[in-house]
């Protein structure tokens, strides 16, 4: 189906963003920033999102409301709202996608959109029904096929191992979903990582690779030289879940400390493994140099990043890694694993990437500890990485992320 562009080469876009909220990170931030950047590019953008995002969106739009950016709000009937708590977000989201098609069709009759774009949630397993509108469709960037290595999974508590096993089989069953194939094969698909690109290829879906995240460079403030006296100050930001690698981080810091390195770790976040993390810290005798401070608002997190030296983020299968770019924006090099989205963002210029191939969990922990020791003992290297990380953030704006996709010569499949 050929794409008919609007006046002056600009498009009328229906952007499906279930998660879309200003002043938020992760998926809500992705939805919000893509909507705004597309509008800044001159496209007329109508965002289809959840009703519970309305108050925050409209409060922000009163301060600056682009004429070419509008929102329509859809949700399930109130009597179905308990479903989200009872059965979980993913079932609720799946039903939302199906029922949102009616709102999309109604708006399409009025606007006659040139194309539709599904942006959040950015998971390949649960995509959109907007292909039924009969207009060109862009899906992504999507991820979710990134996998932890088996030795790392086996290092997790039993409950986390079970969760990882379930996730793997859900991915396998997703390959058998005919509705998913139908939705993706007729669309232009963007994968977040090579892992997801290869996974989709198994069902005959060809995709490009581009991350969906960016940095609000206009809000970045100058960062002066850091005081490198005292211990190396590490920070972990993320949900306290097994695959996020928080247990690896705790063990690596304890090992580095045992080797004589002066280092501290602050863990920002909440999750199912909170009590497990606390017990591990206590069992390692690490209470004096590892602290768990709970979840914090985005502004608080940014303030904490500014007072630390390095981001330690050994996530096992993040598709993106928004927190990595946020760390770069505050001049923090990142230590991560050679897995998922973080490994596409981090290289030797801005941090240290630890290989996981054919390695046991203990070997990975030792290499993480060695990376910590290296940065703690070489302040010159730390300063060089910090400056490069800051520059990497400046080159990784939201405008650049959106532009990589929308500047392509062949925007949509014919």
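Computing Rg and the Kirkwood Rh from the Cα coordinates of segment 125-165 gives a ratio, Rg/Rh, of 1.27.
The angle separating the long axis of helix 246-258 from the principal Cα axis of greatest extent in the chain is about 20 degrees. Roughly how tilted is helix 274-283, in degrees to the nearest 10 and between 0 and 90, from the longest Cα axis of the chain? Result, in degrees: 10.
For segment 330-403, the convex hull drawn through the C-alpha positions has a volume of 86 cubic angstrom per residue. Just to be sure I understand: with springs between alpha-carbon atoms less than 10 Å apart, which residue in 72, 190, 119 has the highest mean-square fluctuation in the Gaussian network model of the chain? Result for the chain, Cα springs under 10 Å: 72 fluctuates most.
I'd like the orientation of helix 379-394 relative to the chain: the angle between its Cα long axis and the longest Cα principal axis, in ° from 0 to 90, rounded to 10. The answer is roughly 10 degrees.
Distance from the Cα centroid of segment 62-120 to that of segment 385-408 is 29 Å (rounded to whole angstrom). According to the square roots a ≥ b ≥ c of the eigenvalues of the Cα gyration tensor, what is the shape class of segment 299-352, taking rounded for a/c under 1.5, prolate for a/b larger than b/c otherwise, and oblate for the remainder? Since a/c reaches 1.5 and a/b is larger than b/c, the shape of segment 299-352 is classed as prolate.
For the chain, the mean residue ellipticity at 222 nm estimated from helices alone is -13000 deg cm²/dmol, where every DSSP H run of n ≥ 4 contributes -39500 (n - 2.57) and the total is divided by all residues, rounded to the nearest 500.
When only Cα pairs below 8 angstrom with a gap of at least 6 residues are kept, the chain shows a relative contact order of 16 percent.
Relative to one another, the C-alpha centroids of segment 318-334 and segment 154-213 are positioned 23 Å apart.
By the beta-carbon count within 10 Å of each Cβ, the least crowded to most crowded order of 132, 24, 244, fewest first, is 132, 24, 244. Highest mean packing comes first when the peptides 368-374, 333-339 are listed by Cβ atoms within 10 Å, giving 333-339, 368-374. Does segment 189-282 classify as rounded, prolate or oblate by the C-alpha gyration tensor (a ≥ b ≥ c root eigenvalues; a/c under 1.5 gives rounded; else a/b over b/c gives prolate, otherwise oblate)? It is oblate, given that a/c is not under 1.5 and a/b is not larger than b/c.
Derived value for segment 223-394: Kirkwood hydrodynamic radius 15.6 Å. Basis is the mean of 1/r over every pair of different alpha-carbon atoms.
A short reminder: the numbers here are calculations on the coordinates, not readings from a lab. This structure is a prediction, so every number in the text was calculated from the model and none was measured. Note that we place each Cβ from the backbone using ideal geometry, even for glycine, and neighbour counts take in every protein chain shown.
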